[in-house]
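S.K.: Structure incoming, see below.
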Amino acid sequence: MNQIRRWQRILFLSLLSISVLAPLVFVSNRLKTITPFSRREFIEELSNFRYRTSDLRLNAVEHEDGEGLKGPRLILYKDGEEFNSSVSDEKEKTIDLPNIDDGNNHKYSEEKVIDSQLTKLSSDSKDKILTVNQLANKTEFKPPLSKGEKNTKVHQSDRATDMKIKEIRDKIIQAKAYLNYAPPGSNSQIVKELRTRMRELERAVGDVTKDKDLSKGALRKLKPLEATLYKASRVFNNCPAIATKLRAMNYNTEELVQAQKNQASYLMHLAARTTPKGQHCLSMRLTSEYFALDPEKRQMPNQEKFNDPSLNHYVVFSDNVLASAVVANSTISSSKEPEKIVFHVVTDSLNYPAISMWFLLNIQSAAAIQIQNIDDMDVLPLDYDQLLMKQNSNDPRFISTLNHARFYLPDIFPGLNKMVLFDHDVVVQRDLSRLWSIDMKGKVVGAVETCKEGEPSFHSMSTFINFSDAWVSGKFSPKTCTWAFGMNLVDLEEWRRRKLTSTYIKYFNMGTKRPLWKAGSLPIGWLTFYRQTIPLDKRWHVMGLGRESGIKTVDIEQAAVIHYDGIMKPWLDIGIDKYKRYWNRHVPFYHSYLQQCNIHA
């Protein structure tokens, strides 16, 4: 019995000695192998087992007004219109680093200053860029808001609906900044932990952009990253170096954003110039059907009305089957007297069979419809295509024959006195018969003006025309009110009397020899009809549905004609969805050809 007790005593003492000596051996071995950074971090872990929860809340810190420090002049990217950006010098920015202390007059350390400024910079990097000297200044902070106070403020503000996702993105940016600042090849414990926590949170968040879409797992993983960021701020406490790293990250990010915007702009314009697969299918199907018809069946009815000046004549220049169909259908369906309407569609030889076949299959018995081929007319100069190519535009819409053929209207329709000119991206919503009773007062063109600043349709003469040219500045004024193509009342008799087609040809030839205006028919139209336009009420023609998303619904509903000017046409996937319904209501999606070509709303 004594022998058994003695062995039990020896075993107990042995286990006791192992439990005492093992931690000492483990600590000594680890301190020999870890790097200086991780050694300092590890010692802090042993001495600081507890830290305040409020220290982890690096966001949503209330700031008092303080004296601002002027930063250096920096070059930033400034967003421009139509997806274009330019590089310009920014004015000097003033960044406030406030002196704030908590209720116990305790000053936070320099590490908390950099943490707060990291958060502020990552969330508002477009407006303020902190410099090395600014971040190196020590400041004092107020303690973060309590949880209850913060939640109350968030619920009171409509802007704070996605504060949590922004906070998570800020934490990830801070983690990347610390990892970039770590020495190359560093494999310390804090670096490993920071990298692991950051990747876990990135995977949990994914591409989520709304707080309501965040998973509970993502919110749970935010706390460990906050704790790791706190420890990293105690290890990497070199404020100027961190500021330099963040500034480099901000510059690289802005360059990436600019590259992405340029790519998006290129793709948008490429999509605008590309014929959708469904419409190409429709055009090919209609063309084959047209040539399968007997020649006598290719004639449109009501031909006796085509040159009757007592009727209401409308014309559209188009190479798009569906677009021209919508303009014609909406004009006829909105008219109170469709039997008085003669609708003329002028197209080219490539699209003439398809457009003709469409209207033959969908004849509006009350109205007369004429399809004309511009290539079969003798009104254009023989070298017109070569002259158009001299405009040096990469956009085929600007150098299209149909785009400029509108300046030959009196020659195309020699027997008519007055008509309404449409672009093929318009929709008619009201009866237009009152247009014919408008007194033109000796002017040639009636149009809605676009010279009021602040409106979506605003255009300036100096934006499209080169007034630095002596001939332009001596003959025209940049302050002259501009107007819009799209829906225009045209007095053909006055046009012929003033010989404006000859004026257009003269100006056009001058523009091919030196840069007088941007490519397209709009600026040369302003010069050709200079002081020859009469303003129409804005309710006749509302523009911007192909480039602006903020047009008021009441203005659209009250307009006689709505215009999808811009690159976001309603028949393209890039069109603005909320405006497409006005165009779609005039498209017969039930038609068998449209269904076979997979064209749908």
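The values are calculated or read from the model by the stated rules, or taken from the named source; none is laboratory data. These figures come from a predicted structure and were not determined experimentally. A quick note on method: Cβ atoms are made from the backbone with ideal geometry, for glycine too, and the neighbour counts reach across all protein chains shown. Protein only, heavy atoms only, side chains kept; ligands, DNA and RNA dropped before computing areas. Shrake-Rupley method; radii C 1.70, N 1.55, O 1.52, S 1.80 Å.
S.K.: Kindly evaluate L388 against the criterion of being open to solvent by 30 Å² or more (accessible area, probe 1.4 Å) and at pLDDT below 95. Before you say what the answer is, go through the steps one by one.
M.R.: Working: open to solvent by 30 Å² or more (accessible area, probe 1.4 Å): no; at pLDDT below 95: yes.
Taking the combined requirement at face value, the residue does not satisfy it.
S.K.: Condition first: of a type in the set (F, W, Y) and on the phi > 0 side of the Ramachandran plot. Now tell me which residues in the range 526-543 satisfy that.
M.R.: Passing the criteria: none in range.
S.K.: I've got another one for you. Failed condition for K479, given (1) under 28 Å from V427 (Cα atoms); (2) of a type in the set (D, E, K, R); (3) open to solvent by 40 Å² or more (accessible area, probe 1.4 Å); (4) in a loop (DSSP other than H, G, I, E, B), with all others met?
M.R.: It fails just one condition, (1).
S.K.: OK, next. May I ask you to list the residues in the range 228-249 that are open to solvent by 20 Å² or more (accessible area, probe 1.4 Å) and either in a helix (DSSP H, G or I) or in contact with a helix residue (DSSP H, G or I) (Cβ under 7 Å, 6 or more places away or on another chain) (or both)?
M.R.: Scanning the range 228-249 gives Y230, K231, R234, N237, P240, A241, T244, K245, R247, A248, M249.
S.K.: Taking the conditions exactly as written (touching a helix residue (DSSP H, G or I) at 6+ places or on another chain (Cβ under 8 Å) and either closer than 19 Å to V445 by Cα or small (G, A, S) (or both)), does T512 satisfy them or not?
M.R.: No; evaluated as a whole, the condition is false for this residue.
S.K.: Restricting to the range 341-358, count the residues that are under 26 Å from K418 (Cβ atoms) and surrounded by fewer than 20 Cβ atoms within 10 Å (Cβ to Cβ).
M.R.: The qualifying residues number 1.
S.K.: How many residues are of a type outside the set (K, R) and more than 20 Å from P381 (Cβ to Cβ) when one looks only at the range 493-516?
M.R.: 3
S.K.: Still on this model: Determine which single condition L489 fails, assuming it passes every other condition in (1) in contact (Cβ under 8 Å) with a residue 40 or more places away in the chain; (2) part of a helix (DSSP H, G or I); (3) touching a helix residue (DSSP H, G or I) at 6+ places or on another chain (Cβ under 6 Å); (4) of a type outside the set (D, E).
M.R.: Here L489 meets the rest and fails (2).
S.K.: Next up: Could you look through the range 447-475, keep only residues that are under 19 Å from T512 (Cα atoms) and touching a strand residue (DSSP E or B) at 6+ places or on another chain (Cβ under 8 Å), and pick out the one that is surrounded by the most Cβ atoms within 10 Å (Cβ to Cβ)?
M.R.: It comes out as I465.
S.K.: If a residue must be assigned to a loop (DSSP other than H, G, I, E, B) and open to solvent by 10 Å² or more (accessible area, probe 1.4 Å), how many such residues does the range 299-330 contain?
M.R.: Final tally of qualifying residues: 12.
S.K.: Something else about it: Output the number of the condition that L416 fails; it satisfies all remaining conditions of (1) open to solvent by 50 Å² or more (accessible area, probe 1.4 Å); (2) in contact with a helix residue (DSSP H, G or I) (Cβ under 7 Å, 6 or more places away or on another chain); (3) farther than 30 Å from R581 by Cβ.
M.R.: Of (1) open to solvent by 50 Å² or more (accessible area, probe 1.4 Å); (2) in contact with a helix residue (DSSP H, G or I) (Cβ under 7 Å, 6 or more places away or on another chain); (3) farther than 30 Å from R581 by Cβ, only one is false for L416: (1).
S.K.: Just to be sure I understand the filter: pairs with C-beta atoms under 8 Å, separated by 6 or more residues or on different chains, first member in the range 588-601 and part of a helix (DSSP H, G or I), second member of a type in the set (G, A, S) and open to solvent by less than 100 Å² (accessible area, probe 1.4 Å). Which pairs pass?
M.R.: Final answer for the pair search is L594/G278.
S.K.: Can you list residue pairs whose Cβ atoms sit under 7 Å apart, with the first residue in the range 543-570 being among the aromatic types (F, W, Y) and the second being open to solvent by less than 30 Å² (accessible area, probe 1.4 Å) and assigned to a loop (DSSP other than H, G, I, E, B)? Count only pairs 6 or more apart in sequence or on different chains.
M.R.: The qualifying pairs are Y564/D425; Y564/L545; Y564/G546; Y564/P570.
S.K.: Considering each of L270, L282 in turn, give the residue that is over 23 Å from Q174 (Cβ atoms), open to solvent by 30 Å² or more (accessible area, probe 1.4 Å) and in a helix (DSSP H, G or I). Working first, answer last.
M.R.: Details: L282 fails: open to solvent by 30 Å² or more (accessible area, probe 1.4 Å).
Result of the check over L270, L282: L270.
S.K.: Tell me the residue from V379, V345 that is among the aliphatic types (A, V, I, L, M) and out of contact with any Asp or Glu (no Cβ under 8 Å at 6 or more places or on another chain), please.
M.R.: Unique residue meeting the criteria: V345.
S.K.: Within the range 511-568, track down each residue that is open to solvent by 30 Å² or more (accessible area, probe 1.4 Å), among the charged types (D, E, K, R) and either closer than 30 Å to W471 by Cβ or assigned to a loop (DSSP other than H, G, I, E, B) (or both).
M.R.: K513, R514, K518, R531, D537, R547, E548, K552
S.K.: Which pairs have Cβ atoms under 7 Å, sit 6 or more apart or on different chains, and link a residue in the range 502-519 that is in contact (Cβ under 8 Å) with a residue 60 or more places away in the chain to one that is buried (at least 16 other Cβ atoms within 10 Å of the Cβ) and assigned to a loop (DSSP other than H, G, I, E, B)?
M.R.: Taking only residues 6 or more apart or on different chains, the pairs are A519/Q391; A519/F398; A519/I399.
Yes/no matrix, rows are residues, columns are (1) touching a Phe, Trp or Tyr at 6+ places or on another chain (Cβ under 7 Å); (2) open to solvent by 40 Å² or more (accessible area, probe 1.4 Å); (3) of a type in the set (S, T, N, Q):
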| site | (1), (2), (3) |
| --- | --- |
| R169 | no, yes, no |
| I173 | no, yes, no |
| K176 | no, yes, no |
| K192 | no, yes, no |
| T196 | no, yes, yes |
| L201 | no, no, no |
| D207 | no, yes, no |
| K210 | no, yes, no |
| L214 | no, no, no |
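S.K.: Further, regarding this structure: Any residue at all in the range 490-512 that is closer than 26 Å to G544 by Cβ and among the hydrophobic types (A, V, I, L, M, F, W, C)?
M.R.: Checked the range 490-512: at least one residue is closer than 26 Å to G544 by Cβ and among the hydrophobic types (A, V, I, L, M, F, W, C).
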